[in-house]
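Peer 1: My structure is below; once you've seen it, I'll send some questions.
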Amino acid sequence: MSNLKFCQGPSCHTYHTQDRLKGTKGSKTYQTRRRSYLHFGEFCDTRCYNDWFSKYGTKAVDHFGRLNEVKHLTEENAWHKSWDWDSSYDNRTYVFRNAITKETRPLTESQYNDNNYTLNTGE
Ligand SMILES: [Zn+2]
């Protein structure tokens, strides 16, 4: 039982499912779910996640930093990994492709699989 975490959904205990109904006859209550696995580590299901975000989302954005201006993805950071098939679809040719300039640059398979390998210079 100690590995179980409480769902953080503010209304979890108000949903009438059999697994939430606990206690002995005469003193049964609907209770917040406890789970070893929770969505995003906090919620028993997407309804509880949505309930939390509806209630606290704006406060959370204000707390962690509201975006107040347009962000730009520049050419320097528009590289993404891709591949092309040969005509018989037997072999892939791995490439970096720039989403803005459409330029491609060669890439090895190991570079493709290396999550830290990038041509992008920043955010
Ligand atoms: Zn829940």
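What follows draws every value from the coordinates through simple rules; no lab data is involved. Remember, it's a predicted structure, so these values are computed and weren't measured experimentally. Counting neighbours? That spans all protein chains shown, and the Cβs are built from the backbone with ideal geometry, glycine included.
Peer 1: Given the conditions (1) of a type in the set (Val, Ile, Thr); (2) away from the ligand (no atom under 16 Å from the Cβ); (3) under 30 Å from Thr14 (Cβ atoms), report the number of the one that Thr29 does not fulfil.
Peer 2: In the conditions (1) of a type in the set (Val, Ile, Thr); (2) away from the ligand (no atom under 16 Å from the Cβ); (3) under 30 Å from Thr14 (Cβ atoms), Thr29 misses (2) alone.
Peer 1: Say whether the condition of being touching a strand residue (DSSP E or B) at 6+ places or on another chain (Cβ under 9 Å) and either charged (D, E, K, R) or in contact (Cβ under 8 Å) with a residue 40 or more places away in the chain (or both) is met by at least one residue in the stretch 55-72.
Peer 2: Taking every residue of the stretch 55-72 in turn, none turns out to be touching a strand residue (DSSP E or B) at 6+ places or on another chain (Cβ under 9 Å) and either charged (D, E, K, R) or in contact (Cβ under 8 Å) with a residue 40 or more places away in the chain (or both).
So that you can scan it fast, the table gives a plain yes or no per residue for (1) in contact (Cβ under 8 Å) with a residue 12 or more places away in the chain; (2) more than 30 Å from Ala60 (Cα to Cα); (3) loosely packed, with under 11 Cβ neighbours inside 10 Å; (4) of a type outside the set (Lys, Arg):
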{"site": "Thr14", "(1), (2), (3), (4)": "yes, no, no, yes"}
{"site": "Gln18", "(1), (2), (3), (4)": "no, yes, yes, yes"}
{"site": "Leu21", "(1), (2), (3), (4)": "no, yes, no, yes"}
{"site": "Thr24", "(1), (2), (3), (4)": "no, yes, yes, yes"}
{"site": "Arg33", "(1), (2), (3), (4)": "yes, no, no, no"}
{"site": "Ser36", "(1), (2), (3), (4)": "yes, no, yes, yes"}
{"site": "Phe43", "(1), (2), (3), (4)": "yes, no, no, yes"}
{"site": "Tyr49", "(1), (2), (3), (4)": "yes, no, no, yes"}
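Residue by residue, here is whether (1) of a type in the set (A, V, I, L, M, F, W, C); (2) assigned to a strand (DSSP E or B) holds:
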residue: His63; (1), (2): no, no
residue: Asn68; (1), (2): no, no
residue: Glu76; (1), (2): no, no
residue: Lys81; (1), (2): no, yes
residue: Ser88; (1), (2): no, no
residue: Val95; (1), (2): yes, yes
residue: Arg105; (1), (2): no, yes
residue: Tyr117; (1), (2): no, no
residue: Asn120; (1), (2): no, no
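Peer 1: For Tyr37, work out the one condition from (1) outside any helix (DSSP H, G or I); (2) over 25 Å from the mean Cα position of the chain (by Cα); (3) not polar (S, T, N, Q) it doesn't fulfil.
Peer 2: Condition not satisfied by Tyr37: (2).
Peer 1: Is it the case that some residue within the stretch 57-70 is more than 21 Å from the chain's Cα centre (by Cα), more than 30 Å from Tyr94 (Cβ to Cβ), more than 10 Å from the ligand (Cβ to nearest atom) and of a type in the set (Ser, Thr, Tyr)?
Peer 2: Checked the stretch 57-70: no residue is more than 21 Å from the chain's Cα centre (by Cα), more than 30 Å from Tyr94 (Cβ to Cβ), more than 10 Å from the ligand (Cβ to nearest atom) and of a type in the set (Ser, Thr, Tyr).
Peer 1: Given the condition within 30 Å of Thr121 (Cα to Cα), of a type in the set (Val, Ile, Thr), away from the ligand (no atom under 11 Å from the Cβ) and out of contact with any Pro (no Cβ under 8 Å at 6 or more places or on another chain), answer yes or no: does some residue in the stretch 12-24 qualify?
Peer 2: Looking for residues that are within 30 Å of Thr121 (Cα to Cα), of a type in the set (Val, Ile, Thr), away from the ligand (no atom under 11 Å from the Cβ) and out of contact with any Pro (no Cβ under 8 Å at 6 or more places or on another chain), one finds none in the stretch 12-24, hence no.
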